1. Those residues that are in contact with a Phe, Trp or Tyr (Cβ under 9 Å, 6 or more places away or on another chain) and either within 12 Å of the ligand (Cβ to nearest atom) or in a loop (DSSP other than H, G, I, E, B) (or both), I need them from segment 155-173; list them, please.
2. Go through (1) within 11 Å of the ligand (Cβ to nearest atom); (2) more than 23 Å from Leu4 (Cβ to Cβ); (3) hydrophobic (A, V, I, L, M, F, W, C) one by one and return the number of the condition Ile183 breaks.
3. Consider Tyr78 carefully, then state whether it is surrounded by 21 or more Cβ atoms within 10 Å (Cβ to Cβ), closer than 19 Å to Ile176 by Cα and within 13 Å of the ligand (Cβ to nearest atom).
4. Starting from segment 1-15, keep only residues that are within 19 Å of Ile282 (Cα to Cα), then list their pairs with residues that are among the β-branched types (Val, Ile, Thr) and not in a strand (DSSP E or B) whose Cβ atoms are within a distance under 6 Å, requiring at least 6 positions of separation or different chains.
5. Any chance you could count how many residues in segment 95-107 are within 15 Å of the ligand (Cβ to nearest atom) and within 29 Å of Lys317 (Cβ to Cβ)?
6. Phe108 versus (1) crowded, with 18+ Cβ neighbours inside 10 Å; (2) modelled with pLDDT under 95; (3) assigned to a loop (DSSP other than H, G, I, E, B): which is the lone unmet condition?
7. Report yes if Ala63 is away from the ligand (no atom under 13 Å from the Cβ), touching an Asp or Glu at 6+ places or on another chain (Cβ under 9 Å) and either at pLDDT 95 or above or outside any loop (DSSP other than H, G, I, E, B) (or both), otherwise no.
8. Within segment 1-33, track down each residue that is part of a loop (DSSP other than H, G, I, E, B) and either near the ligand (Cβ under 9 Å from one of its atoms) or not acidic (Asp, Glu) (or both).
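The values are calculated or read from the model by the stated rules, or taken from the named source; none is laboratory data. Worth saying up front: this structure is predicted, and the values here are computed from it rather than measured. Cβ: placed from backbone, ideal geometry, glycine included. Neighbour counts: every protein chain shown.
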Amino acid sequence: MDTLYSATKPTNKLTLGNYIGAIKSWLDMQNNYDCIFAVADLHSLTVNIDRNELKENTYKQFATFLACGLDPDKSIIYCQSHVREHAELAWIMNCNTYFGEASRMTQFKDKKQKNVNVSVGLFAYPMLMSADILLFNTSVVPVGIDQKQHVEICRDIAERFNSKYGETFTIPAPFIPSTGYKIMGLQDPTKKMSKSDDNENDVIYIEDDDNTIRRKFKRAVTDSLNRIKYCDEQKGVSNLLTIYASMKNIPIDEAERFFEGKGYGELKSLTAQSVIDVLSPIRNKINELMANKPYLEEMMRCGAERASRIASKTLSKVYRRVGLVQV
Ligand code: TYM
C-alpha cells in the first residue's frame, strides 16, 4: 500500500475547517493507505506560543485524532517532536532549498505582514514540513487548499535532491478534497476559517458545545439574494451549503435541492444541527480521553516508536547520500 502522511499544528484549538478540510478525508482514506498522522508541535514554535497552551493543545489534538476515529491499530499517530529525525532532516532540507523559492511562500508572506517579529523558524516552516513528508516515503498528502503550495515546494525539493544525489525520496502529491477544501469564516466568508482568528464568532471549534455552535451559526452572515444557491456571489450561503454537504456526506447539488424553497433561517439551523450531530460525540470522547493523560502518553510513545523506525532509516540513507560520515 502507498503511504499517506498528514498533520495539524497545535497553535490553537482545532476548528471545523481542520475537520472538514483535513481530518475527515484522513478518515475516509485510512483503509486504503498506510497512514501516518502527526501533531506537528515543532511547527507551533514558529509563532509565539505560551508553553502551557502548547502542551494542552498537543494533548488535545492527539485526543481529537483518536476521538474522530483515527485508529492506532491501523495508522501511526504520534507527536512530531518525539521523532528527532524531523529536525535533523529539516536541516538537510534547508540546505537544499533556495532562499528565493522559500521567500515566495504565500503563507510566509501573509504572516510576515501581520507580525512584527518574524522568526527564522517561520521562514523555514516549509522545509520542516517537507522533512515530515519525505521521512516516510509518502505518496499522498491530504491537506486543505491553503497547504497545497507547501506540498508543492516539498515536491520541488525532493526532485532536486533526487537528481543531485540519486533516487532517495518518493515524490509526494497533495490530495485536496473536492468539497470543503477551504471552509470560510462564518462572520466573514471572504476569508478562511482559521484557528488564529481574533473573532471567535467566525470560527467553530471542534470542542464548542451545542449551544455555542447554534449561536454562532445563527449569527452567520448570509447574503441578500434570498436564494439558497452555491455560487460566487453568495459566499456566506455557499459556505453553509458546503458545511452541510460535508457533514451529511452528500454532494453540494444534493444539499441545494434539499434547501430548495427553504429560508436562510432553516439553512442556518439545519447546518448547525448537522455539525452538532457530528461534533457532539467527538467532543464527549475528547473529554474522556483528556481525563486519562497516561493513556494518551502511552499512545504517543507507541506511535513515536513506530514512526522512528521508518524515519531513522530514511535519515541514514540521506546522510550517506550527502556525504556525512556514518560510524
Ligand atoms: P494546520 O494546523 O494549519 O491545518 C491542518 C489542516 O487543516 C486544513 N485547514 C483547512 N481546510 C479547509 N478549510 C479551512 N478553513 C482550513 N483550515 C485549515 C489545512 O489545510 C491542513 O491540511 N502545515 C500544516 C501542518 C503540517 C503538515 C505537515 C501537513 C505540518 N507538517 C506535513 C501535511 C503534511 C498546517 O499548517 O496545519
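1. Thr168, Phe169, Thr170, Pro172
2. For Ile183, the exception is condition (2).
3. Spelling it out, it is not the case that Tyr78 is surrounded by 21 or more Cβ atoms within 10 Å (Cβ to Cβ), closer than 19 Å to Ile176 by Cα and within 13 Å of the ligand (Cβ to nearest atom).
4. If the second residue must be among the β-branched types (Val, Ile, Thr) and not in a strand (DSSP E or B), the pairs left are Pro10/Thr58; Leu14/Thr64; Leu14/Ile206; Thr15/Val203.
5. Of the residues in that region, 2 qualify.
6. It is condition (3) that Phe108 fails.
7. So Ala63 passes the test.
8. Met1, Lys9, Pro10, Thr11, Asn12, Lys13, Leu14, Gln30, Asn31, Asn32, Tyr33
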